[in-house]
(Lines give C-alpha, C1' and ligand atoms only; values in the text may rest on other atoms or scores of the structure.)
Protein backbone atom coordinates (compact mmCIF):
# COMPACT_ATOMS: atom_id res chain seq x y z
CA UNK A 1 0.00 0.00 0.00
CA UNK A 2 1.26 3.47 -0.73
CA UNK A 3 1.59 5.81 2.20
CA UNK A 4 -1.03 8.44 2.73
CA UNK A 5 0.48 10.24 5.71
CA UNK A 6 0.44 13.32 3.52
CA UNK A 7 -3.31 12.90 2.99
CA UNK A 8 -3.88 12.86 6.74
CA UNK A 9 -1.71 15.95 7.25
CA UNK A 10 -3.49 17.73 4.39
CA UNK A 11 -6.92 17.02 5.88
CA UNK A 12 -5.82 18.27 9.30
CA UNK A 13 -4.46 21.42 7.63
CA UNK A 14 -7.75 21.91 5.73
CA UNK A 15 -9.75 21.65 8.96
CA UNK A 16 -7.49 24.14 10.76
CA UNK A 17 -7.60 26.54 7.79
CA UNK A 18 -11.40 26.41 7.55
CA UNK A 19 -11.76 26.97 11.30
CA UNK A 20 -9.47 30.00 11.10
CA UNK A 21 -11.21 31.39 8.01
CA UNK A 22 -14.66 30.83 9.51
CA UNK A 23 -13.62 32.60 12.71
CA UNK A 24 -12.29 35.53 10.70
CA UNK A 25 -15.46 35.82 8.58
CA UNK A 26 -17.83 35.59 11.56
CA UNK A 27 -15.85 37.63 14.03
CA UNK A 28 -15.31 34.60 16.25
CA UNK A 29 -18.94 33.41 16.31
CA UNK A 30 -18.01 30.44 14.11
CA UNK A 31 -16.04 28.95 17.02
CA UNK A 32 -18.75 29.47 19.63
CA UNK A 33 -19.65 26.33 21.65
CA UNK A 34 -23.23 26.44 20.33
CA UNK A 35 -22.12 26.50 16.68
CA UNK A 36 -19.53 23.76 17.20
CA UNK A 37 -22.17 21.59 18.90
CA UNK A 38 -24.61 22.28 16.06
CA UNK A 39 -22.06 21.26 13.43
CA UNK A 40 -21.09 18.11 15.35
CA UNK A 41 -24.75 17.13 15.61
CA UNK A 42 -25.33 17.50 11.86
CA UNK A 43 -22.23 15.55 10.84
CA UNK A 44 -23.05 11.88 11.70
CA UNK A 45 -25.84 11.26 9.18
CA UNK A 46 -23.60 12.06 6.21
CA UNK A 47 -20.54 10.56 7.94
CA UNK A 48 -22.15 7.11 8.17
CA UNK A 49 -23.01 7.23 4.47
CA UNK A 50 -19.45 8.30 3.57
CA UNK A 51 -17.93 5.35 5.45
CA UNK A 52 -20.31 3.06 3.55
CA UNK A 53 -19.15 4.55 0.25
CA UNK A 54 -15.52 4.07 1.34
CA UNK A 55 -16.06 0.37 2.09
CA UNK A 56 -17.69 -0.26 -1.28
CA UNK A 57 -14.91 1.60 -3.12
CA UNK A 58 -12.22 -0.39 -1.29
CA UNK A 59 -13.70 -3.60 -2.70
CA UNK A 60 -12.47 -2.61 -6.17
CA UNK A 61 -13.96 -3.56 -9.55
CA UNK A 62 -15.69 -0.18 -9.76
CA UNK A 63 -17.28 -0.77 -6.38
CA UNK A 64 -19.49 2.00 -5.05
CA UNK A 65 -22.75 2.25 -3.15
CA UNK A 66 -25.10 4.79 -4.72
CA UNK A 67 -28.07 3.58 -2.70
CA UNK A 68 -26.95 4.84 0.71
CA UNK A 69 -29.26 7.81 1.27
CA UNK A 70 -32.20 6.03 -0.41
CA UNK A 71 -31.74 3.07 1.95
CA UNK A 72 -31.37 5.43 4.94
CA UNK A 73 -34.68 7.08 4.03
CA UNK A 74 -36.35 3.71 3.47
CA UNK A 75 -35.07 2.49 6.85
CA UNK A 76 -36.56 5.50 8.61
CA UNK A 77 -39.83 5.60 6.68
CA UNK A 78 -40.61 1.87 6.75
CA UNK A 79 -39.62 1.49 10.40
CA UNK A 80 -41.79 4.50 11.35
CA UNK A 81 -44.77 3.11 9.41
CA UNK A 82 -44.49 -0.41 10.83
CA UNK A 83 -43.67 0.54 14.42
CA UNK A 84 -46.22 3.36 14.40
CA UNK A 85 -48.95 0.86 13.51
CA UNK A 86 -48.76 -0.80 16.95
CA UNK A 87 -46.86 1.63 19.22
CA UNK A 88 -47.33 5.31 19.98
CA UNK A 89 -44.28 7.56 20.27
CA UNK A 90 -46.19 9.79 22.69
CA UNK A 91 -47.69 7.13 24.95
CA UNK A 92 -44.93 4.48 24.80
CA UNK A 93 -41.76 6.49 24.04
CA UNK A 94 -39.17 3.94 25.25
CA UNK A 95 -40.75 0.94 23.49
CA UNK A 96 -41.33 2.99 20.34
CA UNK A 97 -37.72 4.21 20.27
CA UNK A 98 -36.21 0.75 20.76
CA UNK A 99 -38.52 -0.82 18.16
CA UNK A 100 -37.82 1.98 15.69
CA UNK A 101 -34.05 1.64 16.12
CA UNK A 102 -34.18 -2.15 15.73
CA UNK A 103 -36.44 -1.86 12.68
CA UNK A 104 -34.21 0.70 10.93
CA UNK A 105 -31.08 -1.38 11.54
CA UNK A 106 -32.71 -4.56 10.23
CA UNK A 107 -34.03 -2.81 7.11
CA UNK A 108 -30.62 -1.27 6.44
CA UNK A 109 -28.90 -4.63 6.90
CA UNK A 110 -31.37 -6.42 4.62
CA UNK A 111 -31.05 -3.73 1.92
CA UNK A 112 -27.25 -3.82 2.04
CA UNK A 113 -27.19 -7.62 1.96
CA UNK A 114 -29.50 -7.51 -1.07
CA UNK A 115 -26.97 -5.24 -2.82
CA UNK A 116 -24.14 -7.62 -1.91
CA UNK A 117 -26.01 -10.69 -3.17
CA UNK A 118 -26.81 -9.06 -6.52
CA UNK A 119 -23.22 -7.90 -7.01
CA UNK A 120 -21.48 -11.09 -5.87
CA UNK A 121 -23.88 -13.79 -7.07
CA UNK A 122 -25.13 -12.23 -10.32
CA UNK A 123 -21.93 -10.33 -11.18
CA UNK A 124 -23.78 -7.07 -11.75
CA UNK A 125 -21.51 -4.02 -11.98
CA UNK A 126 -21.73 -2.30 -8.56
CA UNK A 127 -22.47 1.18 -9.91
CA UNK A 128 -25.38 -0.12 -12.03
CA UNK A 129 -26.65 -2.44 -9.30
CA UNK A 130 -26.74 0.24 -6.60
CA UNK A 131 -28.20 2.77 -9.02
CA UNK A 132 -31.04 0.32 -9.61
CA UNK A 133 -31.53 -0.44 -5.91
CA UNK A 134 -31.40 3.28 -5.17
CA UNK A 135 -34.51 3.72 -7.31
CA UNK A 136 -36.04 0.55 -5.85
CA UNK A 137 -35.52 1.72 -2.24
CA UNK A 138 -36.86 5.17 -3.07
CA UNK A 139 -39.94 3.66 -4.72
CA UNK A 140 -40.58 1.41 -1.72
CA UNK A 141 -40.31 4.40 0.63
CA UNK A 142 -42.78 6.38 -1.52
CA UNK A 143 -45.27 3.48 -1.55
CA UNK A 144 -44.90 2.81 2.19
CA UNK A 145 -45.46 6.47 3.07
CA UNK A 146 -47.89 7.31 0.25
CA UNK A 147 -45.41 10.02 -0.73
CA UNK A 148 -45.92 11.97 2.50
CA UNK A 149 -43.76 12.64 5.54
CA UNK A 150 -44.22 10.05 8.30
CA UNK A 151 -44.40 11.41 11.85
CA UNK A 152 -41.87 10.06 14.34
CA UNK A 153 -42.46 12.59 17.09
CA UNK A 154 -40.02 13.24 19.90
CA UNK A 155 -39.85 10.09 22.07
CA UNK A 156 -37.27 10.55 24.80
CA UNK A 157 -34.64 8.04 23.69
CA UNK A 158 -34.68 9.02 20.02
CA UNK A 159 -34.73 12.71 20.86
CA UNK A 160 -31.77 12.24 23.20
CA UNK A 161 -29.78 10.50 20.47
CA UNK A 162 -30.39 13.31 18.00
CA UNK A 163 -30.32 16.35 20.26
CA UNK A 164 -28.80 15.32 23.60
CA UNK A 165 -25.34 16.21 24.90
CA UNK A 166 -22.83 14.26 26.96
CA UNK A 167 -20.17 16.44 28.62
CA UNK A 168 -21.03 19.14 26.09
CA UNK A 169 -20.59 16.86 23.05
CA UNK A 170 -23.60 15.77 20.94
CA UNK A 171 -24.48 12.12 21.63
CA UNK A 172 -24.97 11.47 17.90
CA UNK A 173 -21.38 12.62 17.26
CA UNK A 174 -20.06 10.30 19.98
CA UNK A 175 -21.99 7.41 18.40
CA UNK A 176 -20.48 8.27 15.01
CA UNK A 177 -16.93 8.35 16.41
CA UNK A 178 -17.51 5.05 18.21
CA UNK A 179 -18.82 3.32 15.09
CA UNK A 180 -16.01 4.80 12.97
CA UNK A 181 -13.42 3.50 15.45
CA UNK A 182 -15.03 0.05 15.35
CA UNK A 183 -14.96 -0.02 11.51
CA UNK A 184 -11.32 1.15 11.53
CA UNK A 185 -10.38 -1.67 13.94
CA UNK A 186 -12.33 -4.16 11.82
CA UNK A 187 -10.35 -3.18 8.72
CA UNK A 188 -6.98 -3.11 10.47
CA UNK A 189 -7.06 -6.13 12.76
CA UNK A 190 -9.35 -8.73 11.16
CA UNK A 191 -9.03 -11.04 8.14
CA UNK A 192 -12.03 -9.28 6.62
CA UNK A 193 -10.07 -6.02 6.38
CA UNK A 194 -7.08 -7.77 4.81
CA UNK A 195 -9.26 -9.65 2.32
CA UNK A 196 -11.18 -6.49 1.39
CA UNK A 197 -8.08 -4.40 0.70
CA UNK A 198 -6.17 -7.12 -1.15
CA UNK A 199 -9.23 -8.00 -3.19
CA UNK A 200 -9.50 -4.36 -4.23
CA UNK A 201 -5.78 -4.13 -4.98
CA UNK A 202 -5.49 -7.30 -7.07
CA UNK A 203 -8.72 -9.27 -7.55
CA UNK A 204 -7.04 -11.97 -9.66
CA UNK A 205 -4.41 -12.67 -7.02
CA UNK A 206 -7.13 -12.71 -4.36
CA UNK A 207 -9.11 -15.22 -6.41
CA UNK A 208 -6.14 -17.56 -6.88
CA UNK A 209 -5.23 -17.17 -3.20
CA UNK A 210 -8.61 -18.60 -2.30
CA UNK A 211 -10.09 -15.52 -0.66
CA UNK A 212 -13.84 -15.85 0.02
CA UNK A 213 -14.73 -13.15 -2.51
CA UNK A 214 -18.48 -13.71 -2.37
CA UNK A 215 -18.65 -13.54 1.41
CA UNK A 216 -16.40 -10.47 1.54
CA UNK A 217 -18.55 -8.60 -0.99
CA UNK A 218 -21.78 -9.52 0.81
CA UNK A 219 -20.29 -8.50 4.18
CA UNK A 220 -19.02 -5.22 2.70
CA UNK A 221 -22.36 -4.12 1.27
CA UNK A 222 -24.24 -5.47 4.30
CA UNK A 223 -22.06 -3.27 6.52
CA UNK A 224 -22.68 -0.32 4.21
CA UNK A 225 -26.42 -0.99 4.50
CA UNK A 226 -26.18 -1.18 8.29
CA UNK A 227 -24.47 2.22 8.25
CA UNK A 228 -27.36 3.53 6.14
CA UNK A 229 -29.75 2.23 8.78
CA UNK A 230 -27.77 4.13 11.41
CA UNK A 231 -27.97 7.26 9.27
CA UNK A 232 -31.73 6.76 9.03
CA UNK A 233 -31.94 6.61 12.85
CA UNK A 234 -29.92 9.82 13.23
CA UNK A 235 -32.07 11.58 10.62
CA UNK A 236 -35.26 10.53 12.41
CA UNK A 237 -33.88 11.49 15.82
CA UNK A 238 -33.07 15.02 14.66
CA UNK A 239 -36.45 15.60 13.02
CA UNK A 240 -40.06 15.04 14.02
CA UNK A 241 -40.74 13.12 10.81
CA UNK A 242 -39.03 11.15 8.05
CA UNK A 243 -39.54 11.46 4.30
CA UNK A 244 -38.49 9.52 1.22
CA UNK A 245 -36.64 12.43 -0.42
CA UNK A 246 -34.58 13.67 2.52
CA UNK A 247 -30.96 14.62 1.77
CA UNK A 248 -31.07 14.63 -2.02
CA UNK A 249 -27.51 16.01 -2.23
CA UNK A 250 -26.05 13.53 0.28
CA UNK A 251 -24.92 11.06 -2.39
CA UNK A 252 -22.64 13.64 -4.01
CA UNK A 253 -21.31 14.76 -0.63
CA UNK A 254 -20.61 11.18 0.53
CA UNK A 255 -18.62 10.47 -2.65
CA UNK A 256 -16.79 13.79 -2.30
CA UNK A 257 -15.83 12.91 1.29
CA UNK A 258 -14.47 9.52 0.21
CA UNK A 259 -12.41 11.10 -2.58
CA UNK A 260 -11.14 13.85 -0.25
CA UNK A 261 -10.14 11.13 2.22
CA UNK A 262 -7.85 9.56 -0.36
CA UNK A 263 -9.92 6.42 -0.96
CA UNK A 264 -8.78 4.91 -4.24
CA UNK A 265 -11.62 4.80 -6.79
CA UNK A 266 -9.98 1.70 -8.30
CA UNK A 267 -10.10 -0.02 -4.91
CA UNK A 268 -7.65 -1.42 -2.39
CA UNK A 269 -7.10 1.51 -0.06
CA UNK A 270 -9.02 3.70 2.38
CA UNK A 271 -8.58 4.99 5.93
CA UNK A 272 -11.51 5.61 8.23
CA UNK A 273 -9.71 8.40 10.10
CA UNK A 274 -9.29 10.27 6.83
CA UNK A 275 -13.00 9.83 6.06
CA UNK A 276 -13.86 11.25 9.50
CA UNK A 277 -11.57 14.25 8.97
CA UNK A 278 -12.93 14.83 5.46
CA UNK A 279 -16.48 14.71 6.84
CA UNK A 280 -15.59 17.28 9.48
CA UNK A 281 -13.95 19.48 6.83
CA UNK A 282 -17.06 19.37 4.61
CA UNK A 283 -19.32 20.20 7.57
CA UNK A 284 -17.09 23.12 8.52
CA UNK A 285 -17.09 24.38 4.93
CA UNK A 286 -20.88 24.11 4.73
CA UNK A 287 -21.36 26.08 7.94
CA UNK A 288 -18.79 28.65 6.84
CA UNK A 289 -20.68 29.20 3.58
CA UNK A 290 -23.86 29.68 5.60
CA UNK A 291 -22.09 32.25 7.76
CA UNK A 292 -21.01 33.98 4.55
CA UNK A 293 -24.65 34.28 3.49
CA UNK A 294 -24.23 32.14 0.35
CA UNK A 295 -27.14 30.11 -1.01
CA UNK A 296 -27.42 26.32 -1.17
CA UNK A 297 -26.94 26.52 -4.94
CA UNK A 298 -23.49 28.02 -4.44
CA UNK A 299 -22.71 25.29 -1.90
CA UNK A 300 -23.69 22.53 -4.36
CA UNK A 301 -21.52 24.18 -7.01
CA UNK A 302 -18.63 24.24 -4.53
CA UNK A 303 -19.08 20.53 -3.72
CA UNK A 304 -19.06 19.62 -7.42
CA UNK A 305 -15.96 21.71 -8.05
CA UNK A 306 -14.20 20.17 -5.04
CA UNK A 307 -15.03 16.65 -6.22
CA UNK A 308 -13.57 17.29 -9.68
CA UNK A 309 -10.51 18.95 -8.14
CA UNK A 310 -9.73 16.08 -5.78
CA UNK A 311 -10.30 13.51 -8.54
CA UNK A 312 -7.83 15.37 -10.76
CA UNK A 313 -5.28 15.86 -7.97
CA UNK A 314 -5.66 12.22 -6.92
CA UNK A 315 -4.11 11.12 -10.23
CA UNK A 316 -0.79 12.53 -9.07
CA UNK A 317 1.23 11.83 -5.93
CA UNK A 318 1.05 15.39 -4.64
CA UNK A 319 1.80 14.31 -1.07
CA UNK A 320 4.89 12.46 -2.29
CA UNK A 321 6.06 15.56 -4.17
CA UNK A 322 5.62 17.79 -1.12
CA UNK A 323 6.99 15.25 1.41
CA UNK A 324 9.24 12.82 -0.51
CA UNK A 325 10.67 11.20 2.63
CA UNK A 326 7.25 10.34 4.11
CA UNK A 327 5.94 9.04 0.80
CA UNK A 328 8.44 6.18 0.93
CA UNK A 329 7.02 4.77 4.17
CA UNK A 330 4.34 2.13 4.30
CA UNK A 331 1.31 2.48 6.57
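Results for (1) part of a helix (DSSP H, G or I); (2) surrounded by 19 or more Cβ atoms within 10 Å (Cβ to Cβ); (3) out of contact with any strand residue (DSSP E or B) (no Cβ under 8 Å at 6 or more places or on another chain), shown as yes or no for each residue.
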{"residue": "100", "(1), (2), (3)": "yes, yes, yes"}
{"residue": "108", "(1), (2), (3)": "yes, yes, yes"}
{"residue": "123", "(1), (2), (3)": "no, no, yes"}
{"residue": "141", "(1), (2), (3)": "yes, yes, yes"}
{"residue": "148", "(1), (2), (3)": "no, no, yes"}
{"residue": "154", "(1), (2), (3)": "no, no, yes"}
{"residue": "157", "(1), (2), (3)": "yes, no, yes"}
If I go through the stretch 68-88 residue by residue, how many of them are buried (at least 24 other Cβ atoms within 10 Å of the Cβ) and over 17 Å from residue 109 (Cα atoms)?
0
Just name the residue that is modelled with the highest pLDDT out of those in the stretch 199-214 that are touching a helix residue (DSSP H, G or I) at 6+ places or on another chain (Cβ under 8 Å) and part of a helix (DSSP H, G or I).
214
Working carefully through the options 257, 273, find the one that is buried (at least 24 other Cβ atoms within 10 Å of the Cβ), out of contact with any strand residue (DSSP E or B) (no Cβ under 7 Å at 6 or more places or on another chain) and either modelled with pLDDT under 85 or part of a helix (DSSP H, G or I) (or both).
257
For the stretch 33-44, state whether one or more residues are touching a helix residue (DSSP H, G or I) at 6+ places or on another chain (Cβ under 9 Å) and over 30 Å from residue 187 (Cβ atoms).
yes
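Residue by residue, here is whether (1) assigned to a loop (DSSP other than H, G, I, E, B); (2) modelled with pLDDT of 65 or more; (3) closer than 27 Å to residue 34 by Cα holds:
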| site | (1), (2), (3) |
| --- | --- |
| 265 | yes, yes, no |
| 268 | yes, yes, no |
| 288 | no, yes, yes |
| 301 | no, yes, no |
| 305 | no, yes, no |
| 308 | no, yes, no |
Checked against (1) at pLDDT below 85; (2) more than 30 Å from residue 124 (Cα to Cα), residue 96 satisfies every condition except (1)
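The values are calculated or read from the model by the stated rules, or taken from the named source; none is laboratory data. Note that this is a predicted model, so its numbers are computed, not measured. Positions of Cβ are generated from backbone atoms using ideal geometry, with glycine treated the same way; all protein chains shown enter the neighbour counts.
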